[in-house]
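Here is the structure we will look at.
The values are calculated or read from the model by the stated rules, or taken from the named source; none is laboratory data. Just so it is clear, the structure is predicted and the values come from calculations on it, not from any experiment. Note that each Cβ is placed from the backbone with ideal geometry, even for glycine, and that neighbours are counted across all protein chains shown. Keep in mind that these areas ignore ligands, DNA and RNA; they rest on the heavy atoms of the full protein, side chains included. Shrake-Rupley method; radii C 1.70, N 1.55, O 1.52, S 1.80 Å.
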Amino acid sequence: MREILFSTLIFFILVGTTSALTLDNATLQSIGAVSSPIDTSIEIIPEYPGPNTRVQATLKLSSVNISTAEVAWVVNNVILKSGKGIQTIEIETGNIGDKMEVSAVIKPTNGPVLVVQNIINPSSIVLLQEAEVYTPPFYKGRPRFSTNSIVRLEAITEIAKENGSIYSPDELTYVWSRNSIVIPEVSGIGKSFIRIKGPNYLGNDLISLKVLDVKGSTRAEIATFIKSGTPQLLLYEKKPLIGHALFNAINDTEALSGRVLNIVAEPYFIEVIDKNSNLLKYTWSIDGQTLPVQNPPSELSIDTDESAVGKELNIAVTIKHLKNAMQDAYTSMRVGVSLNVNDFGL
Amino acid sequence: MKFAPNKSNIYTLATGIIVVFVIILIAWSIFLGKENKEIQKIGKSTDYFLGNSDNSGFTSSGFGKIINEIKNTVTDKSEEQQAVFKPILTQLHTAPIAGSFTPVKSGSGIDYIYFTERTTGHVFRISMNEKINTTRILHTTIPNVQESIFTDSGRGVIRRYLDKENNIVSIYNPITPSKDYAEENPTGIYLADNINYLSVNIDGDTIFYIVSSANGAEGFLSSPRGEEPKKIWSSWVRKWNAQWAGTNNLLLTQKPSSGLGGVAFLINSTKTHEELLLSYVPGLITNINPSMEYLLYSRANEDNISLFIRDTAKHTDMKIPLTTLADKCVWSNIRTEIVYCFVPKNIQNGIYPDQWYQGLIHFSDKLWKINAITGESELLLSSEEEYNTVVDAENPQISESEKYIFFTNKKDQTLWSIKIKENEKISE
């Protein structure tokens, strides 16, 4: 009987037929196969694959010369590929909850038949990040991280239980690390979203996350870099009826028109909720002469007289963050003055 | 000698018959062409040969009909070639606007564009007839409107502005209020404070809005008046863009920034299921077509911008050899595979899309038509070369008849149109 079963298996191996094959313990015992021997494994790359993803399964075994051995790869009890020395195969994972049993049956030139198994249970993980910094209302872009500011991270997972249903975030354990050192204060059960301080000046922190199921098995892993940046300070015109013209920043040497020039400073990516926060100290100057504190501090109003027409003003503004010196910002613009009254907003 | 009917002989015979038939056809068509020329020379009608003669006593013959169809096809093509329609660029309003809307399901046969003037908050409607006609249809003044969203196919408007404390205020007004309504709501209906993002579905009767707070972002569905808000989604990160996809789906995309990985989810407004469409695409901007068959998206890392179209059923991506951001494009509602994109003539060094959104860099756009199936693209208009006018398009929309593409010029927020098709000639 044992010989017949073994011959059947070898037949499949040699012929390479794609046929159903149950590799249960009884079958393996009957052919005298050694199941999951020491020093053998199937390595899956990526280690925690997502759904419908191509993965590479590679046979790792030191005791047998694979190049001369007959190998049959069996996926969910179907022989996928067989032949001499086949060490690696590529397969595509199923949907979330569709487990995949990957086995390799190895017949060395001498010695017993070996069987190695691994289970692929696809999971999905996405890590979202966003800095807690100021951007103007209606701004269409994302807040970028600047030195020492707070960053929000959220992991969205789809990890299946044994029965195929999906774990809720509250059932999973999240282990967050910075540069491979666990951050215990934000890690734990249900900690799928966190706030942490970002890197210092010129820093580039690797934030990584491991997600464990109720059995403590790692089911998903992800990492992202957070790079320190600097705030940006841009100037815009403010017109009485249009309001802040955030669609058109003032560029250097641009000519502005009007008896009264209203200029607004917008400090992108600075760590405040409101740009007129008490945490920010604005210093405006024109042609090197410092002006008194404005009200509101982010806005400058200039009365131009006829003598200013045709001249260029050098307008500069500095912002000092009173709690985070690394977030100070500065800009200066040479602005031409003309009296061509704009039709709108005057 | 006997003829042996084997396979080879049968094929030879069949081929011979076909060749003879084709020769006869060619000869007959040459004869017809000569005859036709002769008849035209002496001013006779060709209807005899085309089977349409009403005085010859002959009725339409099948052969005549076939020739008629061939003649029409050729004529149409040669007319098309002779009179290629040149798109027409028009500035529709010279004052800055805060938003616009063109109905795509009115069935009125006339293309309209509604818009809100930024300075006054007044709402205007332009009918795109032979003569462009602008009418002020809402006189309730709100100065400094930053954004306006039209609801109920243009019968309502939500105007959004900043109060003195820099909070975002959103007010709903019907365009033509009843007397009772106007008395009850003299200033309009205030929606939730600090709505970070707001968009309306294609029927105009449901809005999706995102409110951001220290607890993250929460997405609600409600009527345009803000009645019965229903929370359908939330996220710890706060800055999202949303686009209605089909009737019940919303495409949620993290706001983009150069080089930062973006994520896009599709959520169903009736269920809480989220489907991950794209992840970790740097500077991701998405734009899905109304039938949800194709997803246009752009990736941007500093000044390296690329454009892709994903076939959502096949999960395949096609790179489009044009460099633009996906929010400078608009999908056709009639031909689901066609998308029109404003493509910058040059992309100067910069950090995109950030510096474009910040108004620090402006483009000079050309209008292209792209086929999502074949990837073929066709240049429709180069405004700088043809009109000596630089336009930097945002918020492009396509009219119901698809004769017009409307857009806002980012640099000054004025409203423009490009007529891309000729009016159909009314048959007499």
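Here is how the numbers come out for the structure above:
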| quantity | calculated |
| --- | --- |
| Within segment B:290-322, tally of residues that are out of contact with any helix residue (DSSP H, G or I) (no Cβ under 8 Å at 6 or more places or on another chain), within 14 Å of chain A (Cβ to nearest Cβ), within 18 Å of B:A245 (Cβ to Cβ) and among the small types (G, A, S) | 1 |
| Scope segment B:376-421; condition assigned to a strand (DSSP E or B), within 14 Å of another protein chain (Cβ to nearest Cβ) and not aromatic (F, W, Y); matching residues | B:A393, B:E394, B:N395, B:T408, B:N409, B:T414, B:L415 |
| In segment B:139-170, the residues that are assigned to a strand (DSSP E or B), more than 23 Å from the chain's Cα centre (by Cα) and buried (at least 21 other Cβ atoms within 10 Å of the Cβ) | B:R159, B:R160, B:Y161, B:I168, B:S170 |
| Which numbered condition B:L191 misses (of (1) away from chain A (no Cβ under 14 Å); (2) touching a residue at least 40 places away in the same chain (Cβ under 8 Å); (3) surrounded by 21 or more Cβ atoms within 10 Å (Cβ to Cβ)) | (2) |
| Flag if A:A160 is open to solvent by less than 50 Å² (accessible area, probe 1.4 Å), at pLDDT 95 or above and either within 10 Å of chain B (Cβ to nearest Cβ) or more than 19 Å from the chain's Cα centre (by Cα) (or both) | no |
| Residues located in segment B:101-124, provided they are within 14 Å of chain A (Cβ to nearest Cβ) and in contact (Cβ under 8 Å) with a residue 60 or more places away in the chain | B:R118 |
| Filter result (facing chain B (nearest Cβ under 8 Å) and open to solvent by less than 10 Å² (accessible area, probe 1.4 Å)) within segment A:116-138 | A:V126, A:L128, A:E130 |
| Those residues of segment B:326-354 which are open to solvent by 30 Å² or more (accessible area, probe 1.4 Å) and of a type in the set (S, T, N, Q), in sequence order | B:N333, B:T336, B:N346, B:Q348, B:N349 |
| Which listed residue is polar (S, T, N, Q) and under 28 Å from B:I351 (Cα atoms), from A:S187, A:S228, A:S177 | A:S228 |
| Looking only at segment B:250-275, and only at residues there that are more than 8 Å from chain A (Cβ to nearest Cβ) and part of a loop (DSSP other than H, G, I, E, B), the one that is nearest to A:P231 (Cα to Cα) | B:S258 |
| Meets criteria (within 20 Å of the chain's Cα centre (by Cα) and open to solvent by 30 Å² or more (accessible area, probe 1.4 Å)) for B:S383 | no |
| Residue that is touching a residue at least 12 places away in the same chain (Cβ under 8 Å), away from chain B (no Cβ under 14 Å), touching a Phe, Trp or Tyr at 6+ places or on another chain (Cβ under 9 Å) and surrounded by 17 or more Cβ atoms within 10 Å (Cβ to Cβ), where the choices are A:T304, A:T318 | A:T318 |
| Residue in segment B:364-375 that is modelled with pLDDT of 95 or more, within 14 Å of chain A (Cβ to nearest Cβ) and not in a strand (DSSP E or B) present | no |
| Residue check, B:N129 open to solvent by 30 Å² or more (accessible area, probe 1.4 Å), within 14 Å of chain A (Cβ to nearest Cβ) and not basic (K, R) | no |
| Top-ranked residue in segment A:279-301 [being away from chain B (no Cβ under 14 Å) and in contact (Cβ under 8 Å) with a residue 40 or more places away in the chain; ranked as most open to solvent (accessible area, probe 1.4 Å)] | A:K281 |
| Number of the condition not met by A:Y201 [criteria: (1) at pLDDT below 95; (2) not in a loop (DSSP other than H, G, I, E, B)] | (2) |
| Residue, modelled with the lowest pLDDT, within segment B:176-188, restricted to residues that are assigned to a loop (DSSP other than H, G, I, E, B) and open to solvent by 20 Å² or more (accessible area, probe 1.4 Å) | B:P177 |
| Every pair of residues 6+ apart whose Cβ atoms lie under 8 Å, when the first sits in segment B:354-380 and is more than 20 Å from B:I405 (Cα to Cα) while the second is of a type in the set (G, A, S) and assigned to a strand (DSSP E or B) | B:Q358/A:A249; B:G359/A:A245; B:G359/A:A249; B:L360/A:A249 |
| Residue in segment A:134-150 that is in a strand (DSSP E or B) and of a type outside the set (V, I, T) present | yes |
| Every pair of residues 6+ apart whose Cβ atoms lie under 6 Å, when the first sits in segment B:237-249 and is within 12 Å of chain A (Cβ to nearest Cβ) while the second is in a strand (DSSP E or B) and open to solvent by 10 Å² or more (accessible area, probe 1.4 Å) | B:V237/A:E154; B:R238/B:S212 |
| Inter-residue pairs, beta-carbon under 9 Å, first within 14 Å of another protein chain (Cβ to nearest Cβ) and in segment B:155-177, second part of a loop (DSSP other than H, G, I, E, B) and of a type in the set (F, W, Y), 6+ apart | B:R160/A:F138; B:L162/A:F138; B:I168/A:F138 |
| Count - residues of segment A:139-157 that are more than 8 Å from every other protein chain (Cβ to nearest Cβ) and in contact with a Gly (Cβ under 9 Å, 6 or more places away or on another chain) | 7 |
| Among (1) modelled with pLDDT under 90; (2) of a type outside the set (A, V, I, L, M, F, W, C); (3) in contact with a His (Cβ under 9 Å, 6 or more places away or on another chain) - the single one B:N144 does not satisfy | (1) |
| Of the criteria (1) under 25 Å from the mean Cα position of the chain (by Cα); (2) buried (at least 16 other Cβ atoms within 10 Å of the Cβ), which one B:N173 fails | (1) |
| Counted residues, segment A:58-69 - those being at pLDDT 90 or above, buried (at least 20 other Cβ atoms within 10 Å of the Cβ) and farther than 13 Å from A:S103 by Cβ | 1 |
| Residue in segment A:78-92 that is within 14 Å of chain B (Cβ to nearest Cβ) and modelled with pLDDT of 90 or more present | yes |
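Residues checked against (1) open to solvent by 20 Å² or more (accessible area, probe 1.4 Å); (2) at the interface with chain B (Cβ under 10 Å from one of its Cβ atoms):
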residue: A:G216; (1), (2): yes, no
residue: A:E221; (1), (2): yes, no
residue: A:T224; (1), (2): yes, yes
residue: A:Y236; (1), (2): no, yes
residue: A:E254; (1), (2): yes, no
residue: A:E266; (1), (2): no, yes
residue: A:K275; (1), (2): no, yes
